[in-house]
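The values are calculated or read from the model by the stated rules, or taken from the named source; none is laboratory data. It should be emphasised that the depicted structure is a prediction, and the values quoted were computed from it without experimental measurement. Cβ atoms come from the backbone with ideal geometry, glycine included; neighbour counts cover every protein chain shown. SASA here: full protein model, heavy atoms, side chains in, ligands and nucleic acids out. Shrake-Rupley method; radii C 1.70, N 1.55, O 1.52, S 1.80 Å.
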Amino acid sequence: MNTETIATPAKPKKPKEDLFSPKNRRLLYDPLNDTNPITVQVLGICSALAVTVKMKPSIVMALAVIVVCAFSNVIISSIRNIIPNRIRIIVQLIIVATMVILVDQFLKAFVFDVSKQLSVFVGLIITNCIIMGRLEAFAMANKPWPSFLDGIGNGFGYGLILVIVSMIRELFGSGELMGYRIIPDSIYKMGYFNNSLVIMPPMALIIVGILIWIQRNRNRKLIESN
Amino acid sequence: MEHVNIFIKAIFIENMIFAYFLGMCSYLAISKTVKSAVGLGLAVIFVLLISVPVCYLLEKYVLKAGALEWVSPDFATIDLSFLSFIMFIATIASIVQLVEMIVEKYAPALYTSLGIFLPLIAVNCSILGGALFMQEREYATLGEATVFGFGSGVGWFLAIVALSAIREKLRYSNIPAPLRGLGITFILTGLMAIAFMSFMGITL
């Protein structure tokens with residue numbers, strides 16, 4: 001008991017935490033690898049499978065998710081103390097839905113062709129579990145600034161996987177990247193075919209599975225017990 | 001007969017998981033044991049069974065272009081369909097909240113094992129997806145919409161129970177360590193989805 005009191009001396013008034021203190025920076029970097037929303041937390045899979053056929057829509061989707069995630073985190077976190085626990089889901093969803101409608105209108109105004117390609121999936125950002133999951137798990141218990149960083153970090157972690165998967169699928173599925181032809185015609189003449197299986201949604205699952213395999217092979221502490 | 005067709009179609013041909021990949025997150029995360037998979041599956045069936053007809057009524061009497069005519073003929077030109085996202089999600093969220101309270105009260109063990117994924121049913125894409133498909137396909141009657149909601153729920157239930165049964169068996173097999181857990185589950189789901197693709201093209 002004595003040692004305990006020595007180990008924790010009377011705390012002086014908590015110094016104001018640096019905006020980019022190591023703890024806050026962790027919030028930003030961790031979701032890229034250790035707590036990646038897709039490969040570790042299992043959040044936001046549906047859209048990851050559906051929009052990753054081409055790179056361009058997946059980049060737009062990733063940006064939309066980053067924006068929605070960061071700002072809804074901030075809003076929820078700043079009103080977290082006045083939300084009654086019983087109706088928190090409704091409150092969270094209404095805020096997320098409002099953010100998504102804003103993003104949807106923005107996309108329609110400035111990048112109409114991409115917005116058409118994404119179709120219902122912009123609407124489905126509302127039900128993207130990354131956003132709800134982070135609201136429930138982080139923003140409801142933390143201050144606005146860390147929540148903002150957490151939102152940005154998780155958005156980027158999600159975007160990273162999206163970009164990798166869509167790169168693989170677009171390259172092997174249609175021989176292009178961002179709409180530019182990568183695999184030259186001469187190879188097609190030698191008898192090479194685009195792999196149309198890669199464009200099918202089941203292949204996206206298998207690609208993500210393999211990504212998880214590679215990631216856990218490099219990062220052994222993520223390995224699960226069974 | 002029409003109802004049976006819609007039911008079978010919703011379960012097998014247009015399976016929420018294997019054909020549209022909706023509701024993946026909780027599907028992958030809660031499928032470790034058959035017991036909790038059954039619990040979550042039943043909750044999803046219940047929520048879909050209630051929310052799809054409710055959204056159908058909303059769509060028919062409030063949101064669709066000219067739907068407000070029953071209030072007064074002056075409203076015949078009003079089109080509120082841009083509100084459908086927010087209306088549907090609010091309906092779904094309140095139903096989920098209801099389910100959460102019921103489960104917490106009557107099945108506390110299930111409540112703890114579902115954890116964060118119970119509130120996440122609200123954002124289970126299959127629920128909103130069900131409501132949006134209902135809107136898109138313009139089912140003619142309330143009965144058809146209900147059957148569609150129920151069928152989609154049953155399809156989801158079947159998928160998660162099948163996966164969890166496989167995963168329980170997998171526990172005894174020797175999988176490369178980094179692939180254990182999530183990785184092999186993804187690949188399994190991919191293979192199951194390829195198998196389910198054989199139902200595509202069947203017209204009922």
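Regarding B:Ile95, is this residue in contact (Cβ under 8 Å) with a residue 40 or more places away in the chain, of a type in the set (A, V, I, L, M) and in contact with a helix residue (DSSP H, G or I) (Cβ under 8 Å, 6 or more places away or on another chain)? For B:Ile95, the condition - in contact (Cβ under 8 Å) with a residue 40 or more places away in the chain, of a type in the set (A, V, I, L, M) and in contact with a helix residue (DSSP H, G or I) (Cβ under 8 Å, 6 or more places away or on another chain) - is met. Residue pairs whose Cβ atoms lie under 8 Å apart, sitting 6 or more positions apart in sequence or on different chains, and linking a residue in the range A:31-56 that is of a type in the set (Val, Ile, Thr) to a partner that is assigned to a loop (DSSP other than H, G, I, E, B) and crowded, with 24+ Cβ neighbours inside 10 Å, are A:Ile38/A:Gly44; A:Ile45/A:Ile38; A:Ile45/B:Phe21. Applying the criterion of being within 14 Å of chain B (Cβ to nearest Cβ) and open to solvent by less than 10 Å² (accessible area, probe 1.4 Å) to the residues of the range A:62-93, the residue that is nearest to A:Ile168 (Cα to Cα) is A:Val65. Exactly one residue out of B:Ser164, B:Ser152, B:Ser113 is open to solvent by 60 Å² or more (accessible area, probe 1.4 Å) and touching a residue at least 12 places away in the same chain (Cβ under 8 Å), and it is B:Ser113. Selection of the range B:178-204 for residues being at pLDDT 80 or above, over 19 Å from B:Ile17 (Cα atoms) and open to solvent by 20 Å² or more (accessible area, probe 1.4 Å) yields only B:Arg180.
Of the listed requirements (1) in contact with a Lys or Arg (Cβ under 8 Å, 6 or more places away or on another chain); (2) modelled with pLDDT of 80 or more; (3) not acidic (Asp, Glu), B:Ser81 misses just one: (2). For B:Leu158, the test of being open to solvent by 60 Å² or more (accessible area, probe 1.4 Å), at pLDDT 85 or above and away from every other protein chain (no Cβ under 13 Å) is passed. B:Leu142 meets each of the listed conditions (1) at pLDDT below 75; (2) surrounded by fewer than 16 Cβ atoms within 10 Å (Cβ to Cβ); (3) in contact with a Phe, Trp or Tyr (Cβ under 9 Å, 6 or more places away or on another chain) apart from (1). Counted as qualifying within the range B:1-84 are the helices (runs of 4 or more DSSP H) with 2 or more residues that are of a type in the set (A, V, I, L, M, F, W, C), farther than 24 Å from B:Lys169 by Cα and open to solvent by 40 Å² or more (accessible area, probe 1.4 Å), namely B:2-8, B:34-58.
Rundown of residues vs (1) among the hydrophobic types (A, V, I, L, M, F, W, C); (2) touching a residue at least 40 places away in the same chain (Cβ under 8 Å); (3) within 14 Å of another protein chain (Cβ to nearest Cβ), yes/no style:
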| position | (1), (2), (3) |
| --- | --- |
| B:Lys32 | no, yes, yes |
| B:Pro53 | no, yes, no |
| B:Ser72 | no, no, no |
| B:Ala107 | yes, yes, no |
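Of the helices (runs of 4 or more DSSP H) that lie entirely inside the range A:124-226, those containing 2 or more residues that are more than 10 Å from chain B (Cβ to nearest Cβ) and at pLDDT 85 or above span A:144-174.
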